[in-house]
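Quick notes on the structure that follows.
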Amino acid sequence: MTKQISVAVLTNETGAHLGAYFSALKEIDAVKDVFLSDPSHKQVELARSELGSKLNEVYDKPEDLLQSEHPDLALITMEARQAPQTINLALEHGSHVFSEKPACLSVAQFEPLVQKAESKHLDLSLALANRTNPEIQFAKSLIEAGTLGKIYGVEMTLLADQTRLTNPAYHKSWYAQQDRAGGGFLSWLGIHWLDLSMYLTGSSITDVSGFTALVGGQPMSVEDAAALSFRYAGGFLGTLTAGYFMNRGYQSMIKIWGSKGWLEMVPFEERHLEWTLNHNGKKFRFEKPVEPRGYTPAVRKAVQAAAGHGTPLLTSRESLRIIRTIYAFYDAAKSGKAQTISQD
């Protein structure tokens, strides 16, 4: 029988994706109890409706919850400016952490948290849920098996809607403010594709350069567009075009070339994965189910790891790696100079 654990949801009025997180915790059998900390009390009704009897207690302060309940896992979702202090509290009280990204405003804020997690033998995992998607797992297995041969290059696109940025309420939200979010499109959405590129190829990004812009002209202090180029530890190069360009919906693409073939994923056009071998023009398509995907399998992986069964969605070092990559790019865009990323 799988060990059951207790989970704390530490959030407030700015918490993102709570509906998906509560739904996941309700569905996962290994979650015995859920405790909620929400000083605003704006998320309590949603928690009760989604979690039902699994919601055990509601607290005003995260420190009171952690001290009273000693949860096995803390699921933290709040703005980047507020997250480091709460992550530190959870680690101090011995909880594994699964946190909404970007979870900090700088590497200097995040690195000590990783060091603390490692010193306490705890996981600090960012919620980069696309890793669990079936086509991602299959593509990773192809690359690990050497099907594509030596990796030559990576090209990625991730675009979302500009429409959301025109809402006056968005202008007042933390997502639109540099001192609360740390960054814009890249730290909120582009972070997923950068992480996937390293996860799929098994190679860290070592050097970054590029530009940011506010192409839509909205009253925000963060970027709505970014163009990146980067070098991987494996010696190959990559690019990412990212931004809020669409009227609605998403466009995305991940393409990886190798000496024996290439693969391409275009999930929002329902071409979740295609690949070729020996560059002969014949295409193979991923025909297996593309569900489950999203937050439920990602949260399940975090729960299982906290229960002592399996590995976390991201290790603490992988979480630090993507934070270093994101903020190195912001440094490159600000300075106009390529940045080398620490690999310790």
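Evaluating ILE326 against the criteria (1) open to solvent by less than 20 Å² (accessible area, probe 1.4 Å); (2) farther than 21 Å from ALA233 by Cβ; (3) part of a helix (DSSP H, G or I) leaves one unmet condition, (2). Taken over region 130-146, residues that are in a loop (DSSP other than H, G, I, E, B) and either crowded, with 16+ Cβ neighbours inside 10 Å or without any contact (Cβ under 8 Å) to a residue 60 or more places away in the chain (or both) amount to 2. Residue-level analysis places SER40 outside the set of residues that are out of contact with any His (no Cβ under 7 Å at 6 or more places or on another chain), within 14 Å of PHE98 (Cα to Cα) and of a type in the set (S, T, N, Q). Is it the case that some residue within region 201-211 is open to solvent by 20 Å² or more (accessible area, probe 1.4 Å), of a type outside the set (Ser, Thr, Tyr), outside any helix (DSSP H, G or I) and under 15 Å from ILE326 (Cα atoms)? Taking every residue of region 201-211 in turn, at least one turns out to be open to solvent by 20 Å² or more (accessible area, probe 1.4 Å), of a type outside the set (Ser, Thr, Tyr), outside any helix (DSSP H, G or I) and under 15 Å from ILE326 (Cα atoms).
If you go through region 284-323 and keep only what is more than 17 Å from GLU27 (Cβ to Cβ), part of a helix (DSSP H, G or I) and within 13 Å of the chain's Cα centre (by Cα), you end up with SER316, GLU318, SER319, LEU320, ARG321, ILE322, ILE323.
Residues checked against (1) open to solvent by less than 10 Å² (accessible area, probe 1.4 Å); (2) in a helix (DSSP H, G or I); (3) modelled with pLDDT of 95 or more; (4) in contact with a Leu (Cβ under 8 Å, 6 or more places away or on another chain):
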| site | (1), (2), (3), (4) |
| --- | --- |
| LEU159 | no, no, yes, no |
| LEU165 | yes, yes, yes, no |
| GLY183 | yes, no, yes, no |
| LEU189 | no, yes, yes, yes |
| LEU194 | yes, yes, yes, yes |
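Among the residues of region 229-239, at least one is aliphatic (A, V, I, L, M) and either over 17 Å from LEU159 (Cα atoms) or open to solvent by less than 40 Å² (accessible area, probe 1.4 Å) (or both). Of the candidates ARG271, ARG248, the single residue that is modelled with pLDDT of 95 or more and either touching a helix residue (DSSP H, G or I) at 6+ places or on another chain (Cβ under 7 Å) or closer than 27 Å to GLU144 by Cβ (or both) is ARG248. Among all positions in region 106-124, there is no residue which is free of Cβ contacts under 8 Å to residues at least 60 places away in the same chain, open to solvent by 10 Å² or more (accessible area, probe 1.4 Å), more than 17 Å from HIS17 (Cα to Cα) and among the β-branched types (Val, Ile, Thr).
Restricting the search to region 213-269, which residues are basic (Lys, Arg) and assigned to a strand (DSSP E or B)? Passing the criteria: ARG231, LYS255.
The values are calculated or read from the model by the stated rules, or taken from the named source; none is laboratory data. Because the structure is predicted, anything quoted here is derived from the model rather than measured. Because the Cβ atoms are built from the backbone with ideal geometry, glycine has one as well, and the counts that use them run over all protein chains shown. When the accessible area is computed, the model is the full protein with side chains, heavy atoms only, and any ligands, DNA or RNA have been set aside. Shrake-Rupley method; radii C 1.70, N 1.55, O 1.52, S 1.80 Å.
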